[in-house]
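Contents: one structure, followed by commentary.
The values are calculated or read from the model by the stated rules, or taken from the named source; none is laboratory data. These numbers come from a predicted model, not from an experiment. Because the Cβ atoms are built from the backbone with ideal geometry, glycine has one as well, and the counts that use them run over all protein chains shown.
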Amino acid sequence: MIIRQTGKVPWSLQPDRNGDFEEIARRAAARGLPPVRYPEGWPVQTYSIIALRAALFVSDQRERRALSRAMFRTAFVDGRHLADLDTVLQAAAGAGLDAEAVRAGMERQEIKDALRAETEAAVSRGVTGVPTVAVGEDLFWGDDRLEDAATALAG
């Protein structure tokens with residue numbers, strides 16, 4: 001949704017990104033994460049608002065973090081598409097959530113409206129892509145900036 005509103009083309013959709021995959025693999029290994037496995041057709045065939053609506057439906061921050069971790073693990077460790085509703089619901093169940101409640105909740109109009117509003121607020125604040133971490137007024141965009149965000153937060 002941010003891509004549509006900003007017109008910025010993320011690195012993942014750039015034609016020459018071969019070196020980026022090796023760099024991401026190195027950063028994942030350095031952080032003690034499992035090897036990255038991209039879903040087939042990533043990123044073009046895997047962008048979806050299904051996962052975004054599911055995360056927004058879960059209002060408890062601890063549960064939202066658990067769901068987000070489960071969905072990222074599903075996508076980038078298991079290599080499964082988050083554009084598939086059943087996959088997102090399985091991730092929700094794996095995070096300890098009631099998958100049927102998530103399914104019903106993410107279809108509610110207020111969740112759809114809230115996602116639009118949150119996206120507009122992010123774009124208005126200057127967010128141009130994900131992940132973006134806000135520390136006060138400063139925005140840190142990209143997983144290669146996570147350490148910078150942690151330093152700013154500590155400091």
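Residue-by-condition table, conditions (1) within 19 Å of ARG62 (Cα to Cα); (2) assigned to a helix (DSSP H, G or I); (3) among the charged types (D, E, K, R); (4) modelled with pLDDT of 90 or more:
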{"residue": "LEU89", "(1), (2), (3), (4)": "yes, yes, no, yes"}
{"residue": "ALA101", "(1), (2), (3), (4)": "yes, yes, no, yes"}
{"residue": "GLY105", "(1), (2), (3), (4)": "yes, yes, no, yes"}
{"residue": "ALA114", "(1), (2), (3), (4)": "no, yes, no, yes"}
{"residue": "LEU146", "(1), (2), (3), (4)": "no, yes, no, no"}
{"residue": "ALA150", "(1), (2), (3), (4)": "no, yes, no, yes"}
Discussion item. For the structure I just gave you, tell me whether GLY41 is farther than 25 Å from ALA117 by Cβ, without any contact (Cβ under 8 Å) to a residue 60 or more places away in the chain, among the small types (Gly, Ala, Ser) and part of a loop (DSSP other than H, G, I, E, B).
Written reply: yes
Worksheet entry | Long-range neighbours under 8 Å by Cβ, at least six apart or interchain, first residue without any contact (Cβ under 8 Å) to a residue 12 or more places away in the chain and among the charged types (D, E, K, R) within region 137-154, second exposed (fewer than 14 other Cβ atoms within 10 Å of the Cβ) and in a helix (DSSP H, G or I) | none
Practice prompt. Would you please name the residue that is nearest to ILE50 (Cα to Cα), looking only at residues in region 86-102 that are surrounded by fewer than 18 Cβ atoms within 10 Å (Cβ to Cβ) and not small (Gly, Ala, Ser)?
Written response: ASP86
Discussion item. I'm checking my understanding of the structure. Among residues of region 116-139 that are more than 17 Å from the chain's Cα centre (by Cα) and part of a strand (DSSP E or B), which one is nearest to ALA150 (Cα to Cα)?
Written reply: VAL135
Worksheet item: Any residue in region 103-123 that is under 21 Å from ILE2 (Cα atoms), in contact with a strand residue (DSSP E or B) (Cβ under 9 Å, 6 or more places away or on another chain) and of a type in the set (A, V, I, L, M, F, W, C)?
Response: yes
Worksheet, complete the sentence: Exactly one of PHE57, PHE76 is touching a Gly at 6+ places or on another chain (Cβ under 7 Å) and crowded, with 18+ Cβ neighbours inside 10 Å, and that one is PHE57
